[in-house]
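The values are calculated or read from the model by the stated rules, or taken from the named source; none is laboratory data. Because the structure is predicted, anything quoted here is derived from the model rather than measured. Virtual Cβ from ideal backbone geometry, glycine too; neighbours counted across all protein chains shown.
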Amino acid sequence: MPLQTYLDFSRMKQRPRWMLPLMIAALLSGTMPAIHRAIFGPDLIADAAVNQLEADTGRRFPAAARDLITEQIAARPVLAPALIGAVVSAFLILLSAVILNMAALILGADVTPRQILAVTAMAACAERLLRALAFGAVVALMPPEQVVTFDWTQVGRANLAFLEGAGATARWTTFVSSVDAITIVSVVVAAAGLMVMDRKLGAARATLAASVWPMAGIALRVLLAGILGLPLR
């Protein structure tokens, strides 16, 4: 099937195709952590992790903690986590398709499950590809000591730390760290796909349906941050 079929929602309306973009998105999710480790190495990653924990908790960690984290990172296998990450990513994409299907039907969309799968897989694929490309650009342009502090999933998040204020809670810090330009692009792609699948849906309802899954993700992050007492950036 020509690549144009996967880039043109109007053609996919009649013959929805979703396996290829789903596989690309899942494989990127599974392999990028290994690529991150190969680029920066366990020592630099461990230092960044401990430094972030010290900043969040306000206390110093012994040198042995850095050594332990470094050893664990170095000893971590590559293939099994990549496969698990890909499978988990595929499952989450399919789950997001279920949520999108429910939201679209509630809002009155006339769509089929296969059309929803195509829209969801394309949006997820676009998001992962943009993150990987943006991460590659950041790695090429910035010093490793700065880039290692965030992984590829954090590329595109807005730096709204100035909104935290003195004594900001873990929930608030997590919330202001969750504004993500690339996620917004994926919402736009999903909304555009929904409007092609159902011309009567309209931009407002399509955008609302496409936003349900990302908003649920932000709510979960904020909830976990409150439970753990640590901000999730």
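Yes or no, residue by residue, for (1) closer than 21 Å to residue 120 by Cα; (2) modelled with pLDDT under 65:
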{"residue": "3", "(1), (2)": "yes, yes"}
{"residue": "9", "(1), (2)": "yes, yes"}
{"residue": "15", "(1), (2)": "yes, no"}
{"residue": "19", "(1), (2)": "yes, no"}
{"residue": "25", "(1), (2)": "yes, no"}
{"residue": "32", "(1), (2)": "yes, no"}
{"residue": "36", "(1), (2)": "no, no"}
{"residue": "39", "(1), (2)": "no, no"}
{"residue": "44", "(1), (2)": "no, no"}
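Taking (1) surrounded by fewer than 18 Cβ atoms within 10 Å (Cβ to Cβ); (2) out of contact with any Lys or Arg (no Cβ under 9 Å at 6 or more places or on another chain); (3) among the small types (Gly, Ala, Ser) in turn, residue 206 satisfies each apart from (1).
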